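S.K.: So that we are looking at the same thing, I have put the structure below in structure tokens.
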Ligand SMILES: *[C@@H]1O[C@H](CO)[C@@H](O)[C@H](O)[C@H]1NC(C)=O
Ligand SMILES: [Zn+2]
């Protein structure tokens, strides 16, 4: 009887989630200005949800289409404009169910086992983790490595939750002559591989301290600030209500649509193109720059740490390692040197598992996007600034099989820690 009641509660919990039965992800090939124009209009109106970092004309665009919007989309894009396409995920709910099965088959993360001295923390990476498991994990790292870490909140979200930062430093960041590095994940809520990758970097660095010479040197010489989840409200919502939620959870005045795209809300070239003024769009830039407390908190961190030398904003998916500018196709001053590091990162990633990450400037690699993190950080601090789109290239997209967590962490570690860390202290 008790089991039945519990089972009943679990079923209610699952059915409270937004259901994606019959939703498809289509890969669209845009070959003309007219096709692009109609496509962008449909995106702006919220008829489709663009999943991939959209390429320019000639590239591909992955979009989620709901059953109720399919007719409108198909009639405009396929019947009228003869746009070429391919179905890449026939039923999104099937992938969500599969992910849920794996999640349910593995235990929740607890502190006790992790705190044992011989535990390497790798169990955390066997599946995706809830917000509270991230809190526990960061607390655990802080307790295991009290001399190497400091755990603090960089500010509150719109719903009043803490945005946690783990500082890895031998001097609690107080030695202001040292260079600093800031890495963050989870601006976009549904990109679950991004917070995990940040956590992987922190966990591995700390467990290698005193054992791997390069890592030890990099921790001794640099203040590493790691913020795995910026948009905590959105991330929480992907666990409770809608696995594919992207934006923050701000209420937009005068609109039934919730949320702002945090990565179009940074206060640099805020409206230069590649963002939307429509609250129902997935790339809604917000009512004003830094309207989102999450965004202003992370931005403030990047400008307040001493000697910021490198910054990465981790996203998924598409396998891209990109640098400024996003808002314009023009080449920033000093781009040649940044480009060399950018290419070295792409090569380092490739050398670990053979994953190809395309490198280049954002506006020419994917499309123009204004008000994004890397443009702001690069403009304000001149630090090496990268926007990274993690695995995969679209077969699973945001519903990336959790088996990818560790290999993604491994390939990114080679670039984000070893290449960039070494560059910063050279
Ligand atoms: C501060 O960091 C610099 C650069 O790593 C180092 O040379 C110096 O000895 C450090 N100062 C203290 C007080 O630890
Ligand atoms: Zn993203």
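S.K.: Looking at (1) more than 15 Å from ligand 2 (Cβ to nearest atom); (2) over 19 Å from residue 385 (Cα atoms); (3) in contact with a strand residue (DSSP E or B) (Cβ under 9 Å, 6 or more places away or on another chain); (4) assigned by TED's automatic domain parsing to the domain that holds residue 404, which is the only condition residue 249 fails?
M.R.: Tallying (1) more than 15 Å from ligand 2 (Cβ to nearest atom); (2) over 19 Å from residue 385 (Cα atoms); (3) in contact with a strand residue (DSSP E or B) (Cβ under 9 Å, 6 or more places away or on another chain); (4) assigned by TED's automatic domain parsing to the domain that holds residue 404, residue 249 fails exactly one: (4).
S.K.: Condition test on residue 343, is it more than 21 Å from residue 266 (Cα to Cα) and either free of Cβ contacts under 8 Å to residues at least 24 places away in the same chain or under 17 Å from the mean Cα position of the chain (by Cα) (or both)?
M.R.: Against the criterion (more than 21 Å from residue 266 (Cα to Cα) and either free of Cβ contacts under 8 Å to residues at least 24 places away in the same chain or under 17 Å from the mean Cα position of the chain (by Cα) (or both)), residue 343 qualifies.
S.K.: Now a separate question. Taking residue 388, is it within 16 Å of ligand 2 (Cβ to nearest atom) and in a strand (DSSP E or B)?
M.R.: yes
S.K.: Next question. Residues being more than 14 Å from residue 263 (Cβ to Cβ) and in a strand (DSSP E or B): count how many of those fall in the range 321-343.
M.R.: The number of residues fulfilling the criteria is 2.
S.K.: If you don't mind, another one. Which of the residues belonging to the range 259-288 are at positive phi and crowded, with 17+ Cβ neighbours inside 10 Å?
M.R.: 259, 269, 274, 286, listed by residue number.
S.K.: Sticking with this structure for a sec: Collect the residues in the range 213-242 that are assigned to a helix (DSSP H, G or I), touching a residue at least 60 places away in the same chain (Cβ under 8 Å) and within 16 Å of ligand 1 (Cβ to nearest atom), keeping them in residue-number order.
M.R.: 214, 215, 217, 218, 219, 221 - these are the residues of the range 213-242 that are assigned to a helix (DSSP H, G or I), touching a residue at least 60 places away in the same chain (Cβ under 8 Å) and within 16 Å of ligand 1 (Cβ to nearest atom).
S.K.: Right, another one. Output the number of residues of the range 384-406 satisfying the condition of being crowded, with 23+ Cβ neighbours inside 10 Å and over 16 Å from the mean Cα position of the chain (by Cα).
M.R.: Final tally of qualifying residues: 1.
S.K.: Okay, next question. When residues of the range 106-134 are filtered for being crowded, with 20+ Cβ neighbours inside 10 Å and without any contact (Cβ under 8 Å) to a residue 40 or more places away in the chain, how many remain?
M.R.: The total comes to 2.
S.K.: Also, quick follow-up: Six or more apart or on different chains, Cβ under 7 Å: which pairs go from a residue in the range 168-185 that's assigned by TED's automatic domain parsing to the domain that holds residue 139 to one that's within 10 Å of ligand 1 (Cβ to nearest atom) and assigned to a strand (DSSP E or B)? Could you list them?
M.R.: Cβ pairs passing all conditions: 169/223; 173/223; 178/223; 180/223.
S.K.: Kindly establish whether residue 211 is more than 26 Å from residue 166 (Cβ to Cβ), in the same structural domain as residue 417 (by TED's automatic domain parsing) and away from ligand 2 (no atom under 16 Å from the Cβ).
M.R.: no
S.K.: Which members of the range 343-400 meet the condition of being at positive phi and either in contact with a helix residue (DSSP H, G or I) (Cβ under 7 Å, 6 or more places away or on another chain) or assigned by TED's automatic domain parsing to the domain that holds residue 57 (or both)?
M.R.: 371
S.K.: Select, from 377, 406, 364, 352, the only residue that is in contact with a strand residue (DSSP E or B) (Cβ under 7 Å, 6 or more places away or on another chain) and part of a helix (DSSP H, G or I).
M.R.: Of the residues listed, the single one that is in contact with a strand residue (DSSP E or B) (Cβ under 7 Å, 6 or more places away or on another chain) and part of a helix (DSSP H, G or I) is 377.
The values are calculated or read from the model by the stated rules, or taken from the named source; none is laboratory data. This is a predicted model, so every value here is computed, not measured. Quick reminder, even Gly has a Cβ in these numbers, built from the backbone with ideal geometry, and neighbours come from all protein chains shown.
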